[in-house]
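What follows is a set of notes on a single structure, which appears directly below.
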Amino acid sequence: LLDEIEKAHPDVFNVLLQVMDHGTLTDNNGRKADFRNVIVIMTTNAGAFEATEKVVGFGGGDGPSDFAKGRAKQAMERIFTPEFRNRLDAVVYFAGLRKEVIRKVVDKEIGLLSAMLSEKQVRLELDDAARDWLADHGYDPQMGARPMARLVEQKLKKPLAEAMVFGDLKEGGTARAAVQDGDIVLSFDETGPPTVH
């Protein structure tokens, strides 16, 4: 797996051409490495911006249209030489994440945070509106779900840490996250160590 292949040195592409042409790789001492049973997968961000750019008129929907794929293909043609592209068996275009997948990312981040909090006798509860708010604000079509961790850090972890050190959750308790006036708001219940479910 070669991640973000567009950032590789041009000599790497020459080596890959030899591998894709002959199924072998020869080093400086004449030793050969057999690549006949190897699957090489390369990822690239080439064309990602062009594919997500909004268009006016036909083809401007939310899905990865043929028009968007065509724009991404043109960007790839600018970056990769024809002899390199002609040796690829397939080019797979990835679409943006669907809402249910983004919700799973939210649940994963909240699960990790809840596990850390349980060691301090604190339980975190989020209603569906708060989960949807995190899914909407933690996802960017161009950056993917990478901003989610920063958003959870800013909106949940920091306020919870302050409450655990300086305030309402020193002795444990429950923190509830809800949406109020278009933002996440935390409320605290100092009930002591929470019961385990």
TODO: Compute the distance in nm between two label points, each set 7 Å from the Cα along the Cα-to-Cβ direction, one at Thr24 and one at Val40.
DONE: 1.6 nm
TODO: Round to the nearest 0.05 the FRET efficiency obtained for Asp183 and Leu2 when R0 = 45 Å and r is the Cβ-Cβ distance.
DONE: 0.65
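Taking 35 Å as R0, compute the FRET efficiency from the Cβ-Cβ separation of Glu153 and Phe94 and round it to 0.05.
Working: r = 26 Å, r/R0 = 0.75.
Result of the calculation: an efficiency of 0.85.
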Task: Average accessible area per residue (Å²) across region 92-157 - probe 1.4 Å, nucleic acids and ligands excluded - done: 61 Å²
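Based solely on its DSSP helices, what 222 nm [θ] is calculated for the chain when runs of n ≥ 4 H residues each add -39,500 (n - 2.57) and the sum is averaged over all residues, nearest 500 deg cm²/dmol?
Working: 8 runs with 81 residues, N = 197.
Estimated from H runs of four or more residues: -12000 deg cm²/dmol.
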Open item on the list: Taking just the alpha carbons, could you work out the radius of gyration and Dmax for the chain, both in angstroms?
Closed with: 24.2, 72
TODO: May I ask you to evaluate 6.51 cos²θ - 1.76 cosθ + 1.60, the Karplus curve with θ = phi - 60°, for each residue of region 172-186 and list the ³J(HN,Hα) values in order in whole Hz, giving x for glycine and proline?
DONE: x, x, 10, 10, 10, 10, 9, 9, 9, 6, x, 9, 7, 10, 9
TODO: For Leu124, list long-range residues whose amide hydrogen, built 1.01 Å from N in the peptide plane, is under 5 Å from its own amide hydrogen.
DONE: Ala175
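Would you work out what percent of the accessible area of the chain, with all protein chains in place, is carbon or sulfur (probe 1.4 Å)?
Working: 7090 of 13450 Å².
The computed percentage sits at 53.
At a Förster radius of 30 Å, what calculated FRET efficiency corresponds to the Cβ-Cβ distance of Ala115 and Asp140, to the nearest 0.05?
So the FRET efficiency works out to roughly 0.70.
The values are calculated or read from the model by the stated rules, or taken from the named source; none is laboratory data. This one's a predicted model, so the numbers in the text were calculated from it and none came from an experiment. Don't worry about glycine lacking a Cβ; one is built from the backbone with ideal geometry, like all the others, and counts go over all protein chains shown. For the accessible areas, the whole protein counts, side chains as well, though only heavy atoms, and no ligand, DNA or RNA atoms are used. Shrake-Rupley method; radii C 1.70, N 1.55, O 1.52, S 1.80 Å.
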